[in-house]
């Protein structure tokens, strides 16, 4: 079973199940449940992804009792953004960067823009900040928002430093 940070089931999360010999996949249903068919008992690594969620990082599971259910929890992108803000406020920059790197989202999307802005403020190097503003500028206009204006404002901050 797979749930989000509020323990709400996540539908259509792509699950990967692999061992040394094979890899199988499954999609979660509306109740967050998934079943991996045709696997022998043994140790498997489970991971997964869905757009606008943090990736389910690889975890090892021992499959021996097919009557047991295990539950995995992932963060929605909105929940992850809140967590990133909390981590930044506590001065845990590395943890914030790590969480941003786990997110899975469409390219040239508002979600990518938010990630780039967080990365900008987490970065301490002017060269990296310039790359991030360039990437933000490439997003252009999406859903009525012109991200080139945000990129210009962020670039002004670089030169003020």
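Which ones in the range 87-107 are out of contact with any strand residue (DSSP E or B) (no Cβ under 9 Å at 6 or more places or on another chain) and either in a helix (DSSP H, G or I) or closer than 14 Å to residue 117 by Cα (or both)?
87, 88, 89, 93, 94, 95, 96, 97, 98, 100, 101, listed by residue number.
May I ask you to say which residue of 117, 84 is farther than 18 Å from residue 55 by Cα, surrounded by 16 or more Cβ atoms within 10 Å (Cβ to Cβ), under 18 Å from the mean Cα position of the chain (by Cα) and without any contact (Cβ under 8 Å) to a residue 60 or more places away in the chain? Lay out the reasoning, then the answer.
Numbers: 84 fails: farther than 18 Å from residue 55 by Cα.
On inspection, the qualifying residue turns out to be 117.
What number goes with the only condition from (1) at pLDDT below 95; (2) assigned to a helix (DSSP H, G or I) that residue 78 does not pass?
The failed condition is (1).
Do we have residue 30 as without any contact (Cβ under 8 Å) to a residue 24 or more places away in the chain, assigned to a strand (DSSP E or B) and surrounded by fewer than 11 Cβ atoms within 10 Å (Cβ to Cβ) here? Steps first, answer last, please.
Numbers: without any contact (Cβ under 8 Å) to a residue 24 or more places away in the chain: yes; assigned to a strand (DSSP E or B): no; surrounded by fewer than 11 Cβ atoms within 10 Å (Cβ to Cβ): yes.
Considered against the rule, which asks whether it is without any contact (Cβ under 8 Å) to a residue 24 or more places away in the chain, assigned to a strand (DSSP E or B) and surrounded by fewer than 11 Cβ atoms within 10 Å (Cβ to Cβ), residue 30 comes out as no.
Determine whether the range 3-23 contains at least one residue that is outside any loop (DSSP other than H, G, I, E, B) and in contact (Cβ under 8 Å) with a residue 60 or more places away in the chain. Before the answer, list the steps.
Taking the range 3-23 as the starting set, the residues that turn out to be outside any loop (DSSP other than H, G, I, E, B) are 3, 9, 14-18, 23.
Now restrict to residues that are in contact (Cβ under 8 Å) with a residue 60 or more places away in the chain: 3.
Yes, the range 3-23 has at least one match.
A quick yes/no check of all residues on (1) out of contact with any helix residue (DSSP H, G or I) (no Cβ under 7 Å at 6 or more places or on another chain); (2) at pLDDT 95 or above:
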residue	(1), (2)
1	yes, no
9	yes, yes
19	yes, no
22	yes, no
28	yes, yes
44	yes, no
50	yes, yes
54	no, yes
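Go over the candidates 65, 106 one by one and state the one that is touching a residue at least 40 places away in the same chain (Cβ under 8 Å) and loosely packed, with under 14 Cβ neighbours inside 10 Å.
Details: 65 fails: touching a residue at least 40 places away in the same chain (Cβ under 8 Å).
Selected residue: 106, the only one of 65, 106 that is touching a residue at least 40 places away in the same chain (Cβ under 8 Å) and loosely packed, with under 14 Cβ neighbours inside 10 Å.
Being closer than 16 Å to residue 26 by Cα, under 10 Å from the mean Cα position of the chain (by Cα) and in a strand (DSSP E or B) is the filter here; which residues of the range 48-68 pass it?
49, 56, 57
Test residue 98 against the stated conditions and say whether it is more than 30 Å from residue 123 (Cβ to Cβ) and without any contact (Cβ under 8 Å) to a residue 24 or more places away in the chain. Step through it out loud before you land on a result.
Working: more than 30 Å from residue 123 (Cβ to Cβ): no; without any contact (Cβ under 8 Å) to a residue 24 or more places away in the chain: yes.
Against the criterion (more than 30 Å from residue 123 (Cβ to Cβ) and without any contact (Cβ under 8 Å) to a residue 24 or more places away in the chain), residue 98 does not qualify.
The values are calculated or read from the model by the stated rules, or taken from the named source; none is laboratory data. Since the structure is predicted, the reported quantities are computational estimates derived from the model, not experimental observations. Here Cβ is always computed from backbone atoms with ideal geometry, including for glycine, and neighbour counts include all displayed protein chains.
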